[in-house]
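Below is one structure, written out as C-alpha cells, with a few remarks after it.
The values are calculated or read from the model by the stated rules, or taken from the named source; none is laboratory data. Just so you know, these numbers come straight off a predicted model, no measurement behind them. Positions of Cβ are backbone-derived with ideal geometry, glycine not excepted, and every protein chain shown enters the neighbour counts. Just so you know, the surface numbers come from the protein's heavy atoms only, side chains and all, with ligands and any DNA or RNA stripped out. Shrake-Rupley method; radii C 1.70, N 1.55, O 1.52, S 1.80 Å.
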Amino acid sequence: ARWPRGQAAAARRPKTRRTQGGPLPRAMGFSAGPVAQGKDYGFGQPMELPEGEPIWPIREDQKPEIVHTVAEFLEAMLFQPHVDRCVVLPNGVELLGQQHAIPEVVRQACVSAASASCSGPARKRGNNNTGAHQMRSFLKALGKTQQARFRSRLWHYGIPGKEKEVKGKGTKKKTLQEVSEILEEEEEKGMVPRDAPLYISEMRWEAKRPHPLVQAETVKCATSTDIYDFTPLARRMPLWERSEGGIFIGERGTGSGMHTDQCLWSNVGRNWCGFKLFAVWPWEERHTIPKEVGKGRIFHMPLSAQEEGWLARAKVLALVRPGDVWVFSGGQPHTALVVGDGLNISAYESLVPAHSDAIGVLVRSNTKKDHPENFWMDDEDLDELYEDVVDNLQRSLREPKLDARLRGELENCVKAMRERGDAYCRELWEQEDRGERRRRREEESSCSESDSMGAEAGQNGEPKAKKAKTKTSSEPRSA
C-alpha cells in the first residue's frame, strides 16, 4: 500500500495545460480521427464525433489538465486539492481496470440500441431531439424485468435549456421500470414529446447487496468495480463514497443541468462510451453564476449570446471522450451535456483527497458564505458524514506501517478539521481526545430498533425524511 516515492516525485501537478487529443470539428482546426479504436469498452457506440458536430467554444486557457500515466493521475486525485481544476486521464477506463464495471445486462442493451439505431432512418445532426429513439431503444432492449432490478431517476429535455424529471406522484423512490411506465403514460397524454431526449441518472441496484469484490461491503452501486478498488490508498483517504454511486446514461441533448453538489467534496468520473461536454465555473463565482444562470439550466446547442457569455466565464471546459477518467471539485457550479451520435454512459464516485485544503473546503459545506443554500445537504446527514471522516482518519492513522508521506498528509487533515470545522467537527475531536466515541447514526439506529416493525408496517418501509437542524455560529474560518 506504499506510494512509490520516485513516481510521486515525478508526478507533480503539471504547470501547463495540454490540448486534449481525439476528434473535434475540422472547422475549429482539429482532425476528426478515431478514438480508442479496438478497446474492449464502447458497447457498440460511435468512437468518434460526427463531422461538424456542434460543441461549445473552448478557449486554450479553459482546457483541462491532461496526464498520461496512472502515477500522475493518482497523485493528482489522492494528494492534491481540486478547486478550480479538472484533471483528465485519457484511456483511464482501461488503465485503471474499469472496462467491465458496467453490468452485463446494461452493456447488452446498449449494444442492442446501437444496432437498432443503425437500421433506423438517418437523422439530421445538431438538433437536441436528434436520435432521441436511442434511449427508448435502450429501455426496450433492457426490458421490464431488468428495469425492475434498478432504482434510478429519469429526465426528459423537450424544452431547450431545461431538464424535467419524469417522476409521477408521490415522493417514494422508484425503480427504472416504474419511471419508464410513467414516461409511457405521459407520452400517451401528450405531456412529454415522443422525440424528447431522455437521460437516466443515479442508476443503482434497487436494494443493497454484497459488493462482488468485497463481500463484507454492502452497496447499491451497480458497477462491479470502481476507482476505489484500483488502489488500497483509496481506503485511506479522509472520505470515499462509492456505496451509493450511480450510473448515468443519455443521448445527444441530455445531461446534468447547472448545479453544485450537496457537499463540498471532489468527484472522479469514468466515461465508457459516448461524448460529453463538461463545464466547471470558478470558485469565486460559486454564488453569482447559479443565481444568474438558474439551477438546472442545460446549455443546449445552438447557444444564445447570453449562454456563450456564461460559458466564457467557466474555469474549465472539457470534451470528455470514450475511455476518459477525470477528477474535479463538485463544490463548484458545474454542468454536462451529451453530444454526438449514440449513447453516453458514465459513473461517478465522491472523495476527499489527503490534503488539508480539501478538508478545509469540505467543512465549508452548508455555510452561507461558501455554499449556495439551495444545494445544501440535510444537516444531520452532513454531521454523519463528518463522523465518517473522523473514523476514517483515525483508522488510517492507527496503521503502524502507514507510509510516512501519507501519515503526514492525514495528520494535516486532522489539524485542518479541528481548526476550520464547525461546532460538531470540534465536538467529535474533543470526544476522541477524551477517549470517547459517540456516533449519532449508531445511537439513532439503536433507539429506533424497537419501532422498526411498526414503521415498516405503517409507512411501507420508507424512512421519514430527516429534519434539518438550524446551524449556530459554527461557520469555519476561511482557508
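Here are a few things to note about the model shown:
- Considered as a group, the residues in the range 220-240 that are within 16 Å of Ile102 (Cα to Cα) and out of contact with any strand residue (DSSP E or B) (no Cβ under 7 Å at 6 or more places or on another chain) include one that is surrounded by the most Cβ atoms within 10 Å (Cβ to Cβ), and that residue is Asp229.
- Restricting attention to the range 166-203, the residues being under 21 Å from the mean Cα position of the chain (by Cα), within 25 Å of Val339 (Cα to Cα) and open to solvent by less than 40 Å² (accessible area, probe 1.4 Å) number 8.
- Residue within the range 449-462 that is in a loop (DSSP other than H, G, I, E, B), modelled with pLDDT under 55 and not polar (S, T, N, Q) present: yes
- Of everything listed in (1) touching a residue at least 12 places away in the same chain (Cβ under 8 Å); (2) outside any loop (DSSP other than H, G, I, E, B), the single unmet condition for Ser224 is (2).
- Considering residues of the range 247-295 that are assigned to a loop (DSSP other than H, G, I, E, B) and among the acidic types (Asp, Glu) only, the residue least open to solvent (accessible area, probe 1.4 Å): Glu251
- Subset of the range 304-318 (residues that are surrounded by fewer than 24 Cβ atoms within 10 Å (Cβ to Cβ) and under 27 Å from Phe43 (Cβ atoms)): Leu317
- Among the candidates Ser243, Ser256, Ser201, Ser266, the residue that is among the hydroxyl-bearing types (Ser, Thr, Tyr) and modelled with pLDDT under 95 is uniquely Ser243.
Each row is one residue, and each column tells you yes or no for (1) open to solvent by 70 Å² or more (accessible area, probe 1.4 Å); (2) at pLDDT below 95.
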site	(1), (2)
Gln7	yes, yes
Gly21	no, yes
Glu53	no, no
Glu60	yes, no
Lys63	no, no
Leu74	no, no
Arg85	no, no
Asn91	no, no
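- On the stretch given as the range 150-170, residues that are in a loop (DSSP other than H, G, I, E, B) and without any contact (Cβ under 8 Å) to a residue 24 or more places away in the chain total 5.
- The lone criterion from (1) within 25 Å of Asp341 (Cβ to Cβ); (2) open to solvent by 10 Å² or more (accessible area, probe 1.4 Å) left unmet by Gln80 is number (1).
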